[in-house]
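The values are calculated or read from the model by the stated rules, or taken from the named source; none is laboratory data. Since this is a predicted model, take the numbers as computed values, not measurements. Methodologically, a virtual Cβ is constructed for each residue, glycine included, from the backbone with ideal geometry; neighbour enumeration extends over all protein chains shown. The accessibility values were calculated without ligands, DNA or RNA, using every heavy atom of the protein model including side chains. Shrake-Rupley method; radii C 1.70, N 1.55, O 1.52, S 1.80 Å.
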Amino acid sequence: MEIVHISAECYPVAKAGGLGDVVGALPKYQCLAGHTAKVVMPMYRTKFLYNHEWVVDFKANANLGDWFFEYTIIREKKNSLGFDLYLVDINGLLDREKIYGYDDDTERFTAFQIAVVNWLASWEHRPDIVHCHDHQAALVPFMMKHCFNYRHLSRISTVFTIHNGQYQGWMNWSQSNLIPAWDEWKTGLLEWNGRINPMAAAIKCAEKITTVSQSYMEELFWDANGLEALFEYERGKCSGILNGIDNEIWNPETDTYLQSHFTIKTVTEGKQKNKELLCTQFNLDISKPLFVFIGRLVGEKAADILADAISSAIYHTNGEAAFFILGSGQTDVEWSLQQLAHHHKGIYNAYIGYNEALSHLIYAGADFLLMPSRVEPCGLNQMYAMRYGTVPVVRSTGGLKDTVVDMGDPDGYGIRFNHASVDDLVYSIGRGVSVYQDKAQMEKMRKTMMRIDNSWEATVQKYINLYQSII
Ligand code: ADP
């Protein structure tokens, strides 16, 4: 089977969150399972771009509204990721340092999608599946089916995966000229609540819709940032497939970012060595249980309650726990988390920014990982934490609900709570501080978690079955 993945992110080329991890791993494991999977994404100015060799695959031009642009599609020469990787270069539009966050993101990603569909249209053969990820690739199913230029692609089956349903790529009707000419009878497919909604268009036009966990799929029927009724209407083609993790990258035995490696057998000593390194680097008391948070500092992750919850937990436990934050996002949240460091020297610190290497050291060295998320489609952090023997402390939502078993349940290894509130989080931190005193129980939980198989090998067949059902 030949599958083309279209995405704005792909690890290690460019990653802002879980989307990057998934698109960097799923195609690799699809290829290992005997299929041909390819990824096409924008060409940003990244280290990966400069450190690898490329060959030109396709050169053409297109229109974005009144703007005429030239683009080039290059392919990574050595196939170093285990699949064919294609980058779309559009001068002045895509070749920037950041992935998102520009005023012209709508134009950038619409031009990207036009270039990709033009490229697909130039192929001499047809792929079996075009798999689009999130709203930056969500106009593709509509374009392939209803734009005049691409009618011959209309019989290729498309799958749309929602990694995050909060962001839908809304456009005003005044921007409709950015989309190549389409059959006017089909205009309703682009529309939702009076605007052009690319995610809604993909839900209507793709043959199958998936999200990254079963529980998140169920949540979307009643809470989908305005799209609830649409999900209900399209229920028949929706399903949840839990993400896997790339066990080659996320392996405490071989992790290239770690100095001290460990296995299930050596987890206690191994984690201690990584904790020492982390605590020395960030001036934290190593004798205390270390609670960490890694992620985007935004409302979805309930990052706004962290500062209050940490202050309160320090007060209630008489300073018996240490905390470390790695993240970036809303300025006010960043500020409050930075301020806290002045008040709780030796038991609290924060690194504001994105740091892949540090994130690996944290998963390896921490005792507990906090995830009070309001919304968590799948969540990869808790799965990485588990692989590194770090106890996840999570709110019962989305993928967190599907992957973490509370330590109060048989064979449980995590801590779960119901509300994204300071009280629930402080109470759960208290449970963590108590269980930390019981060394035997901690070791048992660590070993149970590390034995869990959340690998892509176990998941990839579910996508293949889904594709087979629509080819
Ligand atoms: P989301 O995609 O919603 O941000 P996920 O849990 O699916 O959340 O994936 C988050 C990924 O991004 C994980 O690999 C996590 O380690 C990584 N990550 C998030 N923030 C940072 C950061 N500041 N530095 C390093 N890695 C980060």
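Taking the Cα centre of the stretch 267-450 as origin and assigning +1 to Lys and Arg Cβ atoms and -1 to Asp and Glu Cβ atoms, the resulting dipole is close to 380 debye. In summary, the convex hull built on the alpha carbon positions of the stretch 250-338 has an orientation-averaged projected area of 6.8 nm². Estimated from the Cβ-Cβ distance and a Förster radius of 35 angstrom, the FRET efficiency linking residue 100 and residue 440 is about 0.15.
Computed from phi, the 3J(HN,Hα) profile of the stretch 54-66 under the Karplus parametrisation 6.51, -1.76, 1.60 (θ = phi - 60°) reads 10, 10, 6, 9, 7, 9, 6, 9, 7, 10, 10, x, 8 Hz, with x in place of Gly and Pro. Partner aspartates and glutamates whose Cα lies under 14 Å from the Cα of residue 28, excluding those fewer than 8 positions away in the same chain, are identified as 2, 84, 246, 248, 457. Using C-alpha pairs below 8 Å separated by at least 6 residues, the relative contact order for the stretch 267-450 is 23 percent. Under 5 Å from the amide H of residue 211 lie the amide H atoms of 162, 239, 240, 241, each residue being 5 or more positions distant or on a separate chain, with H modelled from the backbone and absent for Pro and chain starts.
Here residue 145 is the anchor, and the lysines within straight C-alpha reach of less than 26 Å, apart from those fewer than 8 places off in the same chain, are 38, 59, 186, 204, 208, 237, 462. Counting only residues at least eight positions apart within a chain, or on another chain, the lysines with an alpha carbon under 24 Å from that of residue 345 are 271, 273, 275, 288.
Among the protein heavy atoms of the chain, carbon and sulfur supply 48% of the accessible surface, probe 1.4 Å, non-protein parts ignored.
For every helix of n ≥ 4 consecutive DSSP H residues, a contribution of -39,500 (n - 2.57) applies; sum these over the chain, divide by its total residues, and give [θ] at 222 nm rounded to the nearest 500 deg cm²/dmol.
-11000 deg cm²/dmol, from helical runs alone.
Across the stretch 367-471 the C-alpha pair distances fall into 5 Å bins from zero in the proportions 2, 13, 22, 22, 17, 10, 6, 4, 2, 1, 0 percent. Rounded to two decimals, the Cα-based Rg/Rh of the stretch 267-450, with Kirkwood Rh, is 0.92.
Taking the square roots of five times each eigenvalue of the Cα gyration tensor of the chain, the equivalent ellipsoid has semi-axes of 40, 23, 21 Å, listed largest first. Ligands, DNA and RNA excluded, the heavy atoms of residue 232 present near 90 Å² of accessible surface to a 1.4 Å solvent probe. A 1.4 Å probe run over the protein chains yields, for the stretch 267-450, 37 Å² of accessible area per residue, whole-number rounding.
Any idea of the accessible area per residue across the stretch 104-241, 1.4 Å probe, to the nearest Å²?
37 Å²
Report, to the nearest 10°, how far helix 356-365 tilts away from the longest principal axis of the Cα atoms in the chain, using its own Cα long axis and a range of 0 to 90°. Here the helix axis deviates by roughly 40 degrees.
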